[in-house]
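Please treat every number below as a calculation from the coordinates, not as lab data. Please read these numbers as outputs of a predicted model, since none were measured by experiment. Cβ: placed from backbone, ideal geometry, glycine included. Neighbour counts: every protein chain shown.
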């Protein structure tokens, strides 16, 4: 019987004390464990930055890749072996800055993988510069001036790009995050889980206390569960274009809600054919036998030569 | 040569002609020049046919088929002219077939020494359309004037019309068969027009001969593509780029038969990394690109090499750079870039095939090497190799053996226990660590672009760093030891000669053919063709060049990059350099002229300019 500790490695962890990364790491390990996945059938991919070290702490196949490039490498591995459970993790700078093209490209394909983004508004490892999600006009402590560029909305971008599961969670609410990750991993298709996260060292604005609403008159937490307001982001009939567009539209609108009240939960979910399904339409064996198990070697190519005579 | 506006059907006619000649037992060499443009700019296709084996093209034209006025006179009337036409290139006694509707007077062409054959393309086409009841649809079928011109030229050289008709029909199968019939009719009318109107007996004849074996008409992208199927490549990624895309399209066309997944990525960064990810995950993977795309791949190349991915295989079809350069033209300008792309000391293999045959075998080998030595392998081809058709006997492929390198088994695999850690980067005497593949129980590994320990975890430990660098770089030495010399370089001609020609890649054919001309002109020469650029066969090259009397470098770039590479590794300089960097390939006569200028006139650097 597998235990939760089987998903942990003994690698020394050098994240700052109190970092939101720990919550995400725990939630990833718990989700994999609770889904009863075997470690050798899981591969975790990361980019560069603090979040990039995550695979080293998880006892599964682990790929610590290049800045912004986790998704292409994950895509190649998944295509080679569709039996693998593929999870990519990365920071907001990694995924929405330098890796933005891949973030969009991957979503358009709707390959079956889960992308977990550590979203804390700053570049931590390079000491606190503004990340793509930092709202315009904010200045975190190591910045000389407030940001003069628009912050990117990961959820709205994901919905537009074609992700079929789009959710937001919070690094310090490990239970909600773990459940969201489980749904995302079980979802067939590209899933984005944008995880709001504190950076105790560099982001002195969106702190644990700020998320808890301690600066508000009401003293009530900023984060609330979107489902609690009767919101339903699940598309019942994926072939109904009208419904799909309405659900996408409402997800985008709600994703812009920010300030005193910030929704978390699943904004959009739709069961559409995956990239694998569509490849299998052209090449039926693709979904039956992973490429890695197919007999592809030393085949006869004489007829290709013959066709050129 | 056939020339005309892009979109005017130059390719189909030239390739049909090439096919007809190949079927007729002739040897064929057919190469195209075109602009970075979809419709309208001037393009031309040379088809050289011979009863003996040929490896190159020549600059003179025996029969020029011109579909438009620009093919004859160039675009000199334009504010920024790009060429002055091909009428000057026709050999004395040769022929020009052109549109009678241009109403040119013989003196307009300024070539009293060539035979002129005006054929009123549209009138002849109308005749063919009338015959089949399509006379009201001239505008729809106007492009078929290319076939009329083709038929006319075939009559001129007295080529058997059945061969023409068969080759045309092959291009139109299935639903297009009726169109094939119509084209045959158009060709027939062109053919008959010449037979009826011109009875001066043009002396150049082209007749079928009995050939011993069936020959393919094959170009580089096809040879590479078939090698990928043979090697069991499971994933091909690409981002559209001239002149590499044709290969991916060829693979995609046969996707179902060979279970290869072809993915169009969002950019070349993604293309190389998808392939690297797939290679790490256990399948053979490749990507194909040209210089601008390879620039974007530098980062991924470094990661794949540093993480010792068993691949990918990267096919680089060089085109004229830098930057966007001349996007549809050829060059050998990326050699040094391929050897140095990515920061740090990055082991990679680089192999430069010189013809379609080598494209096939080198690509097949590349997959074995990437698995055995766990590093990316770059095949350095170019636009000229990619797109030029040659007749070849069918390649022997039954004896090619797959070698997937060292794959870990128990007990290395920690006996299936996922809780124990596997040393993916174990230090070994050869530098090669047996690899596990994701999905294998007991093989769990971590990998990272950071410096890492044997388990693939980050460490900045000094001693480990030194050992890891040596481990990775040692694999190149191992490859150099294990790969036989005959793959690394070719040597042609007598062991001792007045002149040793030195080259690589697609100049091979022109050099081989020019050697005979040089010989006939009293210049006794041999030729060293370097194929392995990394690992570089230092001893082999030194052996061949130390005894050489005069070394003449023939290369398609500005800097003489192979010459510099040879000097870097062997200390041996080149005596003369024959270079070309106008985006066009070396012709047979151009190599002859260049080498002669160097060795007879003592010109240290000859820059060739034929277009």
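Within 10 Å of each Cβ of A:78-89, how many other protein chain Cβ atoms are there on average?
Working: counts 4, 12, 17, 7, 0, 2, 3, 0, 3, 0, 0, 0.
The shielding value for this peptide is 4.
Within 10 Å of each Cβ in B:227-237, how many Cβ atoms from other chains are there, averaged over the peptide?
Numbers: counts 1, 1, 5, 6, 5, 7, 2, 8, 5, 0, 4.
Mean number of neighbouring Cβ atoms from other chains: 4.
Under the 0.36 nm per residue contour assumption, what length would be gained going from the current alpha-carbon distance of residue B:485 and residue B:80 to full extension? Mind showing how you got there, number by number?
Values: separation 405, 0.36 × 405 = 145.80 nm, distance 4.99 nm.
Length gained, residue B:485 through residue B:80: 140.8 nm.
Could you list the square roots of 5 times each eigenvalue of the Cα gyration tensor of segment B:242-354, that is, the equivalent ellipsoid semi-axes, sorted largest first and rounded to whole Å? All intermediate terms of the calculation are to be shown ahead of the outcome.
Details: eigenvalues 91, 76, 27 Å².
Each semi-axis is √(5λ); the values are 21, 19, 12 Å.
Could you give the alpha-carbon Rg of segment A:241-284 over 2.2 N^0.38 Å, rounded to two decimals?
Values: Rg = 15.6 Å, N = 44, 2.2 N^0.38 = 9.3 Å.
That works out to 1.68 for segment A:241-284.
Pairs of alpha-carbon atoms within less than 8 angstrom and 6+ residues apart define the contacts here; what relative contact order does chain B have, in percent?
Details: 1354 pairs, mean separation 68.0, N = 611.
Relative contact order here is 11 percent.
P(r) for segment B:403-562, please, calculated from all Cα pair distances in 5 Å bins and given in %.
Per 5 Å bin, starting at zero, the Cα-Cα P(r) for segment B:403-562 comes out as 2, 8, 13, 13, 12, 9, 7, 8, 8, 7, 6, 4, 2, 1, 0 percent.
Within 10 Å of each residue's Cβ, count the other Cβ atoms and sort A:258, A:210 from fewest upward. Intermediate values should be presented prior to the final figure.
On the way: A:258 12, A:210 15.
Fewest-to-most Cβ neighbours within 10 Å comes out as A:258, A:210.
How big is segment A:152-285 in terms of Cα radius of gyration and Dmax, in angstroms?
Computed over the Cα atoms of segment A:152-285, radius of gyration and Dmax are 16.7, 61 Å.
Sticking with the crude label model, points 7 Å out along Cα→Cβ, report the distance from residue B:173 to residue B:604 in nm, one decimal please.
5.7 nm
Convex hull over the alpha-carbon atoms of segment A:264-309: what's its volume per residue in Å³? It would help to have the intermediate numbers written out before the result.
Numbers: hull volume 6.4 nm³, N = 46.
Per residue, the Cα convex hull of segment A:264-309 comes to 139 Å³.
Per residue, what volume in Å³ does the Cα convex hull of the protein assembly as shown take up? The partial results should precede the final answer.
Working: hull volume 181.5 nm³, N = 920.
With only Cα atoms used, the protein assembly as shown gives 197 Å³ per residue.
Which whole number gives the average, over all residues in B:417-427, of C-beta atoms from other chains lying within 10 Å of the residue C-beta?
On the way: counts 2, 10, 9, 1, 4, 2, 0, 1, 0, 0, 0.
Partner Cβ neighbours, averaged per residue: 3.
Exposure proxy check: A:285, B:290 ranked by fewest other beta carbons within 10 Å?
On the way: A:285 13, B:290 27.
Least to most surrounded, the residues fall as A:285, B:290.
Could I get the Rg over Rh figure for chain A? Both from C-alpha atoms, Rh via Kirkwood, rounded to two places.
Details: Rg = 20.4 Å, Rh = 20.3 Å.
Answer for chain A: 1.01.
Take the eigenvalues of the Cα gyration tensor for segment B:406-483, scale each by 5, and report the square roots as semi-axes in whole Å, largest first. It would help to have the intermediate numbers written out before the result.
On the way: eigenvalues 98, 58, 16 Å².
Its equivalent ellipsoid spans semi-axes of 22, 17, 9 Å.
With r defined as the distance between the Cβ atoms of residue A:306 and residue B:209 and R0 fixed at 25 Å, what FRET efficiency is calculated, to the nearest 0.05? Show your work: numbers first, answer last.
Details: r = 22 Å, r/R0 = 0.86.
After rounding to 0.05, the efficiency reads 0.70.
Taking the simple approach of a point 7 Å from Cα along Cα-to-Cβ for both residue A:3 and residue B:132, what is their distance in nm?
With each label placed 7 Å out from Cα toward Cβ, I get 8.0 nm.
Can you work out the FRET efficiency for the pair residue B:197 and residue A:250, with r the C-beta to C-beta distance and R0 = 51 Å, to the nearest 0.05? Could you put the intermediate results ahead of the total?
Working: r = 75 Å, r/R0 = 1.48.
Given R0 = 51 Å and the Cβ-Cβ separation, E is 0.10.
How would you order A:156-165, B:397-406, A:293-302 from highest to lowest mean count of nearby Cβ atoms within 10 Å?
Numbers: A:156-165: 22.9, B:397-406: 13.5, A:293-302: 15.3.
Listed from highest to lowest mean packing, they are A:156-165, A:293-302, B:397-406.
For Cα pairs less than 8 Å apart in space and 6+ apart in sequence, what is the mean separation divided by the residue count of chain A, i.e. the relative contact order in percent?
That works out to 17 percent.
Expressed in nm², what is the orientationally averaged projection area of the convex hull enclosing the Cα positions of chain B? Please report the intermediate quantities before stating the final value.
On the way: hull surface 121.7 nm².
The number I arrive at for chain B is 30.4 nm².
What is the fewest-to-most order of A:179, A:276, B:249 by other Cβ atoms lying within 10 Å of their Cβ?
Details: A:179 17, A:276 20, B:249 14.
By the 10 Å Cβ count, ascending, the order reads B:249, A:179, A:276.
Assuming R0 = 30 Å, what is the FRET efficiency of residue B:51 and residue B:88, from their Cβ-Cβ distance, to the nearest 0.05? All intermediate terms of the calculation are to be shown ahead of the outcome.
Values: r = 28 Å, r/R0 = 0.92.
For residue B:51 and residue B:88, the calculated efficiency is 0.60.
Grab the Cα-Cα distance for residue B:402 and residue B:343, subtract it from 0.36 nm times how many residues apart they are, and report the gain in nm with one decimal.
On the way: separation 59, 0.36 × 59 = 21.24 nm, distance 3.16 nm.
So the extension gain works out to 18.1 nm.
Tell me, rounded to the nearest percent, the portion of alpha carbon pairs in segment B:102-227 spaced more than 26 Å apart.
Numbers: 2737 of 7875 pairs.
Pairs farther apart than 26 Å: 35 percent.
Given contacts defined as C-alpha pairs under 8 Å and at least six residues apart, what's the relative contact order of segment B:22-134, whole-number percent?
Details: 161 pairs, mean separation 20.0, N = 113.
Relative contact order, segment B:22-134: 18 percent.
What's the ranking of B:452-458, B:252-258, B:45-51 by average number of surrounding C-beta atoms within 10 Å, highest first? Provide the component values of the computation, followed by the final result.
Working: B:452-458: 20.9, B:252-258: 15.4, B:45-51: 19.1.
My ranking of the peptides, most packed first, is B:452-458, B:45-51, B:252-258.
Can you give the calculated 222 nm mean residue ellipticity of chain B, where each DSSP H run of n ≥ 4 adds -39,500 (n - 2.57) and the sum is split over every residue, rounded to the nearest 500 deg cm²/dmol?
Taken over chain B, the calculation gives -11500 deg cm²/dmol.
Label points 7 Å out from Cα along the Cβ direction at residue B:41 and residue A:272: separation in nm?
The two pseudo-label positions are separated by 3.7 nm.
Among B:472-483, B:318-329, B:75-86, B:260-271, how do they line up by average Cβ neighbours within 10 Å per residue, starting with the highest? Spell out each step's value before the answer.
On the way: B:472-483: 16.2, B:318-329: 19.5, B:75-86: 12.4, B:260-271: 23.1.
For the peptides B:472-483, B:318-329, B:75-86, B:260-271, the packing ranking is B:260-271, B:318-329, B:472-483, B:75-86.
Normalized C-alpha radius of gyration of segment B:2-197, against 2.2 N^0.38 Å?
On the way: Rg = 16.1 Å, N = 196, 2.2 N^0.38 = 16.3 Å.
Dividing the Cα Rg of segment B:2-197 by 2.2 N^0.38 Å gives 0.99.
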